Amino acid sequence: MTSEPHEHDRENDEPARAGHGPGGGGPAPPVDVVLPCLDEAAALPWVMERIPPGWRAIVVDNGSTDGSASVAEALGALVVPEPRRGFGAACHAGLTAATAEFVCFCDCDASLDPGLLPEMVERVRSGGADLVMGRRRPARRGTWPVHARAGNAAVARMLRSRTGVRVRDIGPMRAARRAGLLALGTADRRSGYPLETVVRAADAGWRIEEVDVPYLPRSGRSKVTGTWRGTWTAVRDMTAVLREPPARRRAPAGGGPP
């Protein structure tokens with residue numbers, strides 16, 4: 001594992017426009033890594049240097065005011081602006097912009113190491129799973145606030161009751177095939193997006209696995225779990241997702257006809 005980051009101040013779903021980073025032409029990369037970004041200029045160098053060689057980083061700028069888009073572009077990312085605020089809006093804009101067969105998602109705040117993604121992608125590529133999710137394991141005391149962990153655990157229990165899927169973390173680090181993710185038709189554009197993706201995948205009969213990943217001290221303050229209000233909003237959005245009836249159409253993991 002690479003070294004930990006230093007503490008520093010650290011319906012149309014098409015992206016508004018693509019930036020001038022790599023990926024505008026030529027063959028598709030083997031894997032696209034979607035990085036939702038809101039004021040993460042300080043963390044971007046650490047994150048970008050850990051993107052596996054040959055893979056493409058898609059940084060979705062969700063309204064940053066700290067120059068994140070320029071930093072990401074200078075570091076070689078494909079920058080996709082998404083003016084609609086919301087974690088789900090940023091994730092889906094990145095998924096829509098992706099062209100690779102496999103797509104990963106990872107936070108852009110240096111709390112998760114993109115260098116761990118190849119193992120997750122290989123599980124999907126080899127047919128061992130259709131969706132692989134990273135279960136966050138705090139690397140040090142205080143990394144994951146108690147209220148955020150409690151909310152996450154409650155949602156995981158509700159997910160198990162609703163779908164039978166036994167996961168312990170509704171985390172943002174994950175890997176799957178792009179076509180299958182698009183076929184799920186995930187509709188939430190706020191904090192419920194990660195959970196709705198899992199719910200729809202479960203309804204479609206996908207094989208869902210969890211792998212442990214170190215959860216590092218993030219750069220700067222979290223926009224969600226850093227406050228009780230943010231955590232409550234996320235739990236509220238996720239609870240609304242769990243109240244929805246099961247999807248009628250099964251979306252195969254490969255994205256082909258059901």
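So the values come out like this:
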| item | result |
| --- | --- |
| Charge context of residue 163, other residues only, Cβ under 10 angstrom, K/R +1, D/E -1 | +3 |
| When the convex hull of its Cα atoms is projected in every direction, mean area for the stretch 54-105 (nm²) | 3.6 nm² |
| Zone of residue 70's modelled label, taken as backbone nitrogen in the stretch 78-120 under 20 Å from a point 7 Å along Cα→Cβ | 78-83 |
| Stokes-Einstein translational diffusion, the stretch 70-218 - Kirkwood Rh over all Cα pairs, 1.306 mPa s, 10 °C, in µm²/s | 99 µm²/s |
| Fraction of antiparallel bridges per DSSP, the stretch 102-209 only, in percent to nearest 5 | 80 percent |
| Heavy-atom accessible area order for 120, 158, largest first, 1.4 Å probe | 158, 120 |
| Quotient of C-alpha Rg and 2.2 N^0.38 Å, computed over the stretch 122-189 | 1.28 |
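The values are calculated or read from the model by the stated rules, or taken from the named source; none is laboratory data. Everything numeric here is computed off the predicted structure, so don't read it as measured data. A quick note on method: Cβ atoms are made from the backbone with ideal geometry, for glycine too, and the neighbour counts reach across all protein chains shown. We work out accessible area using only protein heavy atoms, side chains counted, and drop any ligands, DNA or RNA first. Shrake-Rupley method; radii C 1.70, N 1.55, O 1.52, S 1.80 Å.
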